[in-house]
1. Please go through segment 107-129 and pick out each residue that is touching a residue at least 60 places away in the same chain (Cβ under 8 Å), under 22 Å from Ile176 (Cβ atoms) and in a helix (DSSP H, G or I).
2. I need the full set of residues from segment 143-157 which are in contact with a Leu (Cβ under 9 Å, 6 or more places away or on another chain) and surrounded by fewer than 24 Cβ atoms within 10 Å (Cβ to Cβ), in order please.
3. Looking at segment 140-150, is at least one residue of a type in the set (A, V, I, L, M), assigned to a helix (DSSP H, G or I) and closer than 20 Å to Pro36 by Cα?
4. Identify, please: which residue in segment 1-49 is farther than 17 Å from Gly59 by Cβ and hydroxyl-bearing (Ser, Thr, Tyr) and is, among those, modelled with the lowest pLDDT?
5. Can you tell me which residue is modelled with the lowest pLDDT among those in segment 87-101 that are outside any helix (DSSP H, G or I) and within 22 Å of Pro38 (Cβ to Cβ)?
6. When only residues in segment 38-64 that are within 10 Å of the chain's Cα centre (by Cα) and in a loop (DSSP other than H, G, I, E, B) count, which is surrounded by the fewest Cβ atoms within 10 Å (Cβ to Cβ)?
7. If we scan segment 137-154, do we find a residue that is in contact with a Gly (Cβ under 9 Å, 6 or more places away or on another chain), over 27 Å from Leu90 (Cβ atoms) and modelled with pLDDT of 90 or more?
8. Do we find that Val101 is in contact with a helix residue (DSSP H, G or I) (Cβ under 6 Å, 6 or more places away or on another chain), of a type in the set (Val, Ile, Thr), crowded, with 22+ Cβ neighbours inside 10 Å and more than 22 Å from Val41 (Cβ to Cβ) in this structure?
Amino acid sequence: MNIVKRLYDWVLSWGDSRWGWLALFLLAFAESSFFPVPPDVLLIALCLGVTARSFRYAGICLVGSVLGAMLGYALGFFLWQTPSGEYTALAEFFFNHVFSVEGFKEVGALYDKYNFWIVFTAGFTPLPYKLFTIAGGLFHINLGMFVLASVISRGMRFFLIAWLIWKFGAPIKKFIDKYFNLLAIAFTVLLVGAFLLIAKLL
């Protein structure tokens, strides 16, 4: 936890740098495949610093995140298992330091049932996105669908944060910190539930 806290503080320190936009791109890229700190923290700091650039920062964050998701997909597709089906050293490293074997298998089961919606849910809510991007590659889900779901979900998340700060400024930060993830989960549950209900009725 101390290591994660130091990483969190280090990420925030880029909010006052002239290279903050580049740090945001690289952070969003890395978080989609292996880095533990979400890009939202730096996105919020940069938007608060220059509110007029909020949507530009959200766009940078989106591009970095989707490209990072494709890296995660490639890791799962090409480097996660040997031809005989055994986990590689890279996979073992992730299981020991990033997420569990059990969690990874659970994601695989979810992909079998929901495909687009599981990527969307992971991208919009605080679920560990990297777990789902790597699993997407390993389980060979459709790449076009994977990218589309990533663009929509990540775009909604980052641009919503940027809009809130652009619209309300610094006072909205406490609200985002306290309630955003909870509201994102509730919104996703309602959205997915509505589509599943419509599909069932039709």
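The values are calculated or read from the model by the stated rules, or taken from the named source; none is laboratory data. Just so it is clear, the model here is predicted, and its values are computed rather than measured. Neighbour counts are summed over all protein chains in view; Cβ atoms, including those assigned to glycine, are modelled from backbone coordinates with ideal geometry.
1. Correct list: Phe120, Thr121, Phe124, Tyr129.
2. Val151, Gly155
3. The answer is no; no qualifying residue exists.
4. Selected residue: Tyr8.
5. The qualifying residue modelled with the lowest pLDDT is Val98.
6. For segment 38-64, the residue satisfying everything is Pro38.
7. There is at least one residue in segment 137-154 that is in contact with a Gly (Cβ under 9 Å, 6 or more places away or on another chain), over 27 Å from Leu90 (Cβ atoms) and modelled with pLDDT of 90 or more.
8. For Val101, the condition - in contact with a helix residue (DSSP H, G or I) (Cβ under 6 Å, 6 or more places away or on another chain), of a type in the set (Val, Ile, Thr), crowded, with 22+ Cβ neighbours inside 10 Å and more than 22 Å from Val41 (Cβ to Cβ) - is not met.
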